[in-house]
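To keep things clear, I will list the structure first and then write my remarks on it.
The values are calculated or read from the model by the stated rules, or taken from the named source; none is laboratory data. Model, not experiment: these values are computed from the prediction. Cβ coordinates were reconstructed from backbone atoms using ideal geometry, including for glycine residues, and neighbour counts include every protein chain displayed. When the accessible area is computed, the model is the full protein with side chains, heavy atoms only, and any ligands, DNA or RNA have been set aside. Shrake-Rupley method; radii C 1.70, N 1.55, O 1.52, S 1.80 Å.
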Amino acid sequence: MSESISQVFNNLTIYGRNLSMRIKEILSQSPQGQNVTVQGWVRTKRDTKTVCFLEVYDGSCFRTLQVIVDKANAEDLQKELDRCTTGASVEVEGQIVPSPGTNQKVELSVSTLKVIGEAPPETYPLQKKRHSFEFLREIAHLRPRTNTFGAVTRVRNTLAYAIHRYFQQNGFFYIHTPIITGSDAEGAGAMFQVTTLPLENVPMVNGKVDYREDFFGKKTNLTVSGQLEAEVYATALGKVYTFGPTFRAENSNTTRHLAEFWMIEPEVAFCDIHGNMDLAESFLKFILSAVLEESSEDMAFFEERIQPGLLSGLQQVIDTPFHRITYTEAIERLEKSGESFEFPVKWGMDLQSEHEKFLTEKIFKGPVIVTGYPKEIKAFYMKLNEDGRTVRAMDVLVPRLGEIIGGSEREDRYEVLLGRIREMGLNEQDYWWYLDLRKYGSVPHSGFGLGFERLVQYVTGMGNIRDVIPFPRTVKNAEF
Ligand code: 4AD
Ligand code: MG
């Protein structure tokens, strides 16, 4: 941030003075001898006979600032110190001095201490001890104040920014696709309906719901994917991407599924399945490099406390080419492995998480892109291969997680697409505009979807997807 802009921010804060600094700046600049004001929250307080140590954080970075109150000249501060418990918000003013401790270069020697808001220890749920992630999910409004969730939040931010940077630097346009839609992008059901019809007295006609009375005059849902609309824009602007919320009403109670999640969906005209794989690989490598470089402090925490080996694993993904195999080859390799799986391996079945993990962790020891899935287990829009049985689908599988990206080359032949829509029992009237794209100036085009929370989970090593989104929506759970 330029000096003048940061000055403006400082003057905007309610309690700010001109020397107000964020802890990240103090720890990186070590402005010894300077008088500064810091605003934040108390993580811990520790007393000795002569001094009181406060660990203060302000969210700007992982580390806390050590704040020292000298008891010899602190009589007037004692009342404030008593109110200064874990979780209280404070404004401290004082001088930045060299720290005799080994944990930090500098600390703040207090001249003024103000408690802004108390956090009564009898009731404040976040005390010094380590809380379980399950417990923290129940207090999702307070968990961002913990080390882990602060780090997750900053890493999530770094990833989002890197994703936009990758696309913006490579000539893609950001498209805002609709949240409420009249079509089913994946053709697979599991959607949340959006309606203003009175549920206790639904208007009927000929034994069916009369959707002419509904808000949009037709049945509508929350979108499961922005892909179909992204295709509209890719076949006009060439290279586009979406980055927005998507919704799936699947009853999947797993550590990898959310009912509301964010998805990034690039879509490229004049691009076949091979170009699509190249894009996915280069994209993933770019954002992984960015997060290792830009969030190194938070990432060091995940390596140490959440997933040992995380950093070298991610670096290896950046450094080595992804394996590329067909579904048929994958099935052969799994069959030959002699491993006994819960879901027995057979051509035609969908790969389960156990198979994806076996492929990435045991057989290939790294990311694998699988193409050419049987058409029966993939969406209607994927381009049919010459064999008539498989489609140009592409799933990117990674160790520890399994599927992180799903995509395909799209069916660009009008007749074939229409045939597939009918074959899958979909209502062709709903897809008239999608079919039009194949009628007018059709081109080979491809794209994929990256689940943003799956990515954050993969990058941080967090075991449960509920812990990498601020307010998770899952079956029977939408408290916050
Ligand atoms: O494989 P999916 O269903 O593909 C699509 O939606 C395509 N329209 C994408 C495209 O080609 N433009 O979903 C894409 C990715 C998955 O690989 C996974 O990472 C994530 O979205 N995902 C989920 N993440 C969290 N919770 C869920 N319930 C998810 N379902 C899919
Ligand atoms: Mg998929």
Explain nothing, just the number: dipole magnitude of the chain about its Cα centre with +1 on each Lys and Arg Cβ and -1 on each Asp and Glu Cβ, in debye rounded to the nearest 20.
680 debye
Add +1 for every Lys or Arg and -1 for every Asp or Glu among the other residues with Cβ under 10 Å from the Cβ of residue 186, and state the total.
+1
Listed residues 228, 341, 429: farthest to the positive end of the dipole of the chain (Cβ charges):
341
Ranking by accessible area, most exposed first, for 257, 176, 355 with a 1.4 Å probe:
176, 257, 355
In whole Hz, with x marking every Gly and Pro, tabulate ³J(HN,Hα) for the stretch 27-33 from phi via Karplus 6.51 cos²θ - 1.76 cosθ + 1.60, θ = phi - 60°.
6, 7, 9, 6, x, 4, x
Which loop trypsin sites (Lys or Arg not before Pro) in the stretch 403-480, with loop taken from DSSP, have no more than 10 other Cβ atoms within 10 angstrom of their Cβ?
476
Give me the extension gain from residue 319 to residue 365: residue separation times 0.36 nm, minus the current Cα-Cα distance, reported in nm with one decimal.
15.2 nm
In the chain, helical segments from DSSP H whose Cα atoms cover 24 Å or more along their own axis and that average at least 0.0 on the Kyte-Doolittle scale are 273-294
Can you give the extra length, in nm with one decimal, that the chain gains between residue 212 and residue 73 once fully stretched, where that is 0.36 nm per residue apart less the Cα-Cα distance?
42.4 nm
Which net charge results for the neighbourhood of residue 460, defined as the other residues with beta-carbon distances under 9 angstrom from its beta-carbon, given Lys and Arg at +1 and Asp and Glu at -1?
-1
Based on the Cβ-Cβ distance of residue 424 and residue 471, what FRET efficiency does E = 1/(1 + (r/R0)^6) give at R0 = 35 Å, to the nearest 0.05?
0.55
Can you work out ³J(HN,Hα) from phi for every residue in the stretch 73-85, in order, using Karplus 6.51 cos²θ - 1.76 cosθ + 1.60 and θ = phi - 60°, giving whole Hz and x for Gly and Pro?
10, 10, 4, 6, 8, 4, 4, 5, 4, 5, 7, 8, 10
What figure in square angstrom, to the nearest 10, would you give for the accessible area of residue 239 with a 1.4 Å probe?
80 Å²
Helix-derived [θ] at 222 nm for the chain: sum -39500 (n - 2.57) over DSSP H runs of at least 4, divide by residue count, nearest 500?
-9000 deg cm²/dmol
Kindly report the accessible area of the stretch 338-480 per residue (heavy atoms of protein chains, probe 1.4 Å, no ligands, DNA or RNA), in Å².
41 Å²
I'd like the chymotrypsin sites (Phe, Trp or Tyr not before Pro) in the stretch 338-442 restricted to DSSP loop residues with at most 16 other Cβ atoms within 10 Å, sorted by number.
341, 347, 440
Carbon and sulfur atoms account, in whole percent of the 1.4 Å probe accessible area of the stretch 225-337, for 51 percent
Under 5 Å, built H, 5+ apart or other chain: amide partners of residue 61:
24
Euclidean distance between Cα centres, the stretch 406-480 to the stretch 181-216, Å
21 Å
For residue 405, enumerate residues with amide H under 5 Å from its amide H, sequence gap 5+ or separate chain, H modeled in the peptide plane.
396
Amide H proximity to residue 385 below 5 Å, modelled H, separation 5+ or other chain, gives 390, 391, 392
Unit charges at the beta carbon, dipole of the chain: most positive-side option, 197, 167, 237
167
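Please go through the residue pairs 45/71; 285/378; 49/71; 71/128; 336/365 and name each one whose alpha carbons sit more than 19 Å apart in this structure.
285/378; 71/128
What is the sum of charges, Lys and Arg at +1 and Asp and Glu at -1, for the other residues whose Cβ falls under 14 Å from the Cβ of residue 384?
Around residue 384, the charge tally is +1.
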C-alpha center-to-center spacing [the stretch 316-334, the stretch 42-108] in angstrom
52 Å
Ordered by residue, what ³J(HN,Hα) values in Hz, to whole numbers, does the stretch 113-122 give under the Karplus form 6.51 cos²θ - 1.76 cosθ + 1.60, where θ = phi - 60° and Gly and Pro are x?
10, 10, 7, 8, x, 6, 9, x, x, 5
